[in-house]
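Only one structure is covered here, and it is reproduced in the block below.
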Amino acid sequence: MANAEPHLRDHAYTSFTRKLLDRDIEPGQIVSQRELVALTGMPLGAIREMIPRLEADGLIETVPKRGLKVLSIDLNLIRNAFQLRRIIEREAFEQFCDEGKDDEIEKMVEDHRSIREEALKGVDADLLARAQHMDWAFHDHVIDALGNELISSVHRVNAIKIRLIRNADTRMLPELVVSVLDEHLAVIYALQARNRARTVSAIHAHIDSAKRRALSL
């Protein structure tokens, strides 16, 4: 069988992770290659070529004579995922504190303040979606600013795992919008001041808060 085209393999990976985040595929579930074809709508060749990448990313493991097991959510995964996040984001935000452009940081302040003001008047579905997008984009932007494709790739896989830990809770809830934006603003104000220590303290406080929410502590 000829190898699947790279874009089909990548599309299969994206489709799988989307189904996983949407809980069309459940953590711990055993699936076959044929079931993945049906779930993702991708050809079998693309599925077969996607599997080694999923295994390398820790999203599935092959169980002999049973099929493919989707990663399970346990305390070990939670500890490891949030610890990795702290390590990556410390490096990224320290560098951004030194090298981030003033106009980029000012835009972050303006965008966060604008949505925060709207949220104080009430949070509807549209605002919630925009706040969630800004939350994820904020972290992605600072990490991508490192200019290290390996770190960016590891970050995105880890972000999938964190969102799976408590799927409903890792999406921003209406009552949390203002507090999450305030946590971001504490980080951004530290970036504005070019204060590395404050920046690291603020981003770690934000990550620890997200971990507590994920654990419902």
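Some points to look at:
- The C-alpha atoms of the chain define a longest principal axis, and helix 75-99 lies at about 50 degrees to it.
- Residues of segment 129-155 with amide N under 16 Å of the 7 Å Cα→Cβ point at Asp98: 143, 145-148
- In the chain, helices alone account for a calculated mean residue ellipticity at 222 nm of -24500 deg cm²/dmol, with every DSSP H run of four or more residues adding -39,500 (n - 2.57).
- Note that segment 195-204 has calculated 3J(HN,Hα) couplings of 9, 4, 4, 5, 4, 5, 4, 5, 6, 5 Hz, one per residue in order, obtained from phi through the Karplus relation 6.51 cos²θ - 1.76 cosθ + 1.60 (θ = phi - 60°); glycine and proline are x.
- Counting only residues at least eight positions apart within a chain, or on another chain, the lysines with an alpha carbon under 30 Å from that of Lys107 are Lys121, Lys161, Lys211.
- Our estimate of slack between His7 and Ala56, defined as 0.36 nm per intervening residue step minus the Cα-Cα distance, is 15.8 nm.
- Relative contact order of the chain: 22 percent, from C-alpha pairs under 8 Å at least 6 residues apart in sequence.
- Pairs of C-alpha atoms in segment 6-70 farther apart than 16 Å represent 36 percent of all such pairs.
- Residue-span extension gain [Glu91 to Val63] - 0.36 nm each, minus C-alpha spacing: 6.5 nm
- A convex hull fitted to the Cα coordinates of segment 1-153 yields 157 cubic angstrom per residue.
- Helix 102-121 vs. the chain, principal-axis angle (Cα, 0 to 90°, nearest 10): 90
- Ranked Arg18, Arg213, criterion: other C-beta atoms within 10 Å, fewest first: Arg18, Arg213
- Using a Förster distance of 22 Å, the FRET efficiency for His141-Arg23 (Cβ separation, nearest 0.05): 0.20
- Ellipsoid semi-axes in whole angstrom, largest first, where each is sqrt(5λ) of the Cα gyration tensor of segment 75-215: 21, 21, 13
No value in this document is a laboratory result; all are computed from the given coordinates. From a predicted model like this one, the values you see are computed outputs, not experimental measurements. Quick reminder, even Gly has a Cβ in these numbers, built from the backbone with ideal geometry, and neighbours come from all protein chains shown.
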